[in-house]
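> This is the structure I have questions about; it appears just below.
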Amino acid sequence: MSAESTVVTIEHFQYLAQRTLQDDALLCDLKTASDDAGIPGISISPEQASFMQVLLKLIRATEVVEVGTLGGYSAISMARALPADGRVRTLEICDKHADFAAEWIAKSDVSGKVEVHRGPAQDVLPRFETGSADAVFIDADKQNYAVYLSQCLRILRPAGLVMVDNAFAFGELFHDNPADPEVPAVRAFNEIIAVHPELHSVIVPIGDGCWVGVKEENGLHR
Ligand code: SAH
Ligand code: DHB
Ligand code: MG
């Protein structure tokens, strides 16, 4: 690490959070209802949602594919960054999560912009048309991240945007004996994406670490 880097502490996170758009009433109510329904509180942070919205606006994305819907928090957030004819196709294996998300998407301001696709993402992604997405967000079971990445790169248009959650492995990236069984899968995936020949990517230290990459088909221009 070079002298240009500041070690980001909890103070910096609080500082940036206090200067970033926070959840509106709908997203607050969604989180409360999600807790009440016993759905895990593992959606992305409001700061990460804003960051992803900025990226989607910058590339003028209309078509987004998300792997891992949970309660619909990130899908609704991303849909809000799209134009009126934009669409988020979000994939979810768990019917309880998909039912909850569908209910909250229907009540939201972006009900016409989000489609929930049920089933294992490894079965659903192969049905999506090649080159049909401007951006993808991968945030489901970590052991299948490499499978999702290769399918998503097929679905993504040239110069499309890749975002992947949990690069910091739930804060356990450097733990010798991590409590979460998915930590080794995150570490293995990080090594794959870091040197992927079709991607120029960087980990952004927001939330639990968010990989951001651009699809480069004709060789890397790093
Ligand atoms: N992106 C969401 C959080 C997703 S949590 C947000 O920020 O709001 C991860 C989700 O992936 C869970 O709902 C889990 O049920 C789902 N999931 C796990 N394995 C999956 C699979 N094989 N295919 C599709 N979804 C899966
Ligand atoms: C977990 C999964 C996530 O995608 C996340 O952002 C946080 C936690 C989990 O499975 O515990
Ligand atoms: Mg996540």
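The values are calculated or read from the model by the stated rules, or taken from the named source; none is laboratory data. Bear in mind the structure is a predicted one, so any value in this text is a computation, not a measurement. We place every Cβ from the backbone using ideal geometry, glycine too, and count neighbours over all the protein chains shown. Accessible surface areas use protein heavy atoms only, side chains included; no ligands, DNA or RNA. Shrake-Rupley method; radii C 1.70, N 1.55, O 1.52, S 1.80 Å.
> Quick check of the Kirkwood formula: for the chain, what is the inverse mean of 1/r over all pairs of different Cα atoms, in Å?
Details: mean 1/r = 0.0560 Å⁻¹.
So the Kirkwood estimate lands at 17.8 Å.
> Same structure, new question: Can you list residues from other chains, or at least 5 along the same chain, whose modelled amide H is less than 5 Å from the amide H of His200?
Residues meeting the criterion, in which the H sits 1.01 Å from N, are Val214, Glu216.
> Give the Cα extents of the stretch 78-208 along the principal axes, in whole Å, largest first.
45, 34, 28
> With contacts defined as alpha carbon pairs under 8 Å and 6 or more residues apart, what's the relative contact order of the stretch 3-124 in percent? All intermediate terms of the calculation are to be shown ahead of the outcome.
Numbers: 166 pairs, mean separation 26.3, N = 122.
With pairs under 8 Å counted, the relative contact order is 22 percent.
> Residue farthest toward the positive end of the dipole of the stretch 1-137, with Cβ of Lys/Arg at +1 and Asp/Glu at -1: which of Ser45, Ser111, Thr32?
Ser111
> When the Debye formula is applied to the Cα atoms of the stretch 132-222, each taken as the same point scatterer, what base-10 log of I(q)/I(0) results at q = 0.14, 0.17, 0.25 Å⁻¹?
-0.46, -0.67, -1.30
> Hey, can you rank 21-27, 57-63, 173-179 by average C-beta count inside 10 Å, highest first? Walk me through the numbers on the way to the answer.
On the way: 21-27: 13.6, 57-63: 15.7, 173-179: 10.6.
Descending mean neighbour count gives 57-63, 21-27, 173-179.
> Moving to a separate point now. Of all accessible surface on the chain at a 1.4 Å probe, what whole percent is carbon and sulfur?
On the way: 6050 of 10870 Å².
Using a 1.4 Å probe with all protein chains present, the chain comes out at 56 percent carbon and sulfur.
> Additional query: If a/c stays under 1.5 just call it rounded; otherwise compare a/b with b/c (prolate if a/b is bigger, oblate if not). Do that for the stretch 1-67, with a ≥ b ≥ c from the square roots of the Cα gyration tensor eigenvalues.
Values: a/c = 2.12, a/b = 1.33, b/c = 1.59.
The shape class here is oblate.
> Still on this structure: Semi-axes of the equivalent ellipsoid for the stretch 182-222, please: Cα gyration tensor eigenvalues, times 5, square-rooted, ordered largest first, whole Å. Please report the intermediate quantities before stating the final value.
Numbers: eigenvalues 85, 33, 7 Å².
Each semi-axis is √(5λ); the values are 21, 13, 6 Å.
> Here's another thing I want to ask about it. Does the stretch 78-130 come out rounded, prolate or oblate by the C-alpha gyration tensor, with a ≥ b ≥ c the root eigenvalues, rounded set by a/c under 1.5 and, if not, prolate when a/b is larger than b/c and oblate if not? Provide the component values of the computation, followed by the final result.
Details: a/c = 3.20, a/b = 1.23, b/c = 2.61.
Here the stretch 78-130 falls in the oblate category.
> Considering the stretch 157-204, what Rg and Dmax in Å follow from its alpha-carbon atoms?
Considering the stretch 157-204 through its Cα atoms, Rg and Dmax are 12.3, 40 Å.
> Based on Cβ point charges of +1 for Lys and Arg and -1 for Asp and Glu, what charge dipole magnitude is obtained for the stretch 138-191 about its Cα centre, in debye rounded to the nearest 20?
Working: 4 positive and 8 negative charges, 82 e Å.
With only Lys, Arg, Asp and Glu charged at Cβ, the dipole is about 400 debye.
> A further question on this structure: Using the heavy atoms of the protein chains and a 1.4 angstrom probe, tell me the accessible area per residue for the stretch 107-153 in square angstrom. Can you show the working numbers first?
Working: 1980 Å² over 47 residues.
Spelled out: the 1.4 Å probe surface of the stretch 107-153, per residue, equals 42 Å².
> Is there a quick way to get the dipole size of the stretch 104-195? I mean about its Cα centre, with the Cβ of Lys and Arg at +1 and of Asp and Glu at -1; what is the value in debye to the nearest 20? Show your work: numbers first, answer last.
Working: 8 positive and 13 negative charges, 79 e Å.
The dipole magnitude comes to about 380 debye.
> Here is a follow-up. If you project the alpha carbons of the stretch 37-111 onto their three principal axes, what span does each projection cover, largest first, in Å?
35, 24, 20
> Between the stretch 1-51 and the stretch 122-168, what's the alpha-carbon centroid distance in Å?
First find each Cα centre; the distance between them is then 23 Å.
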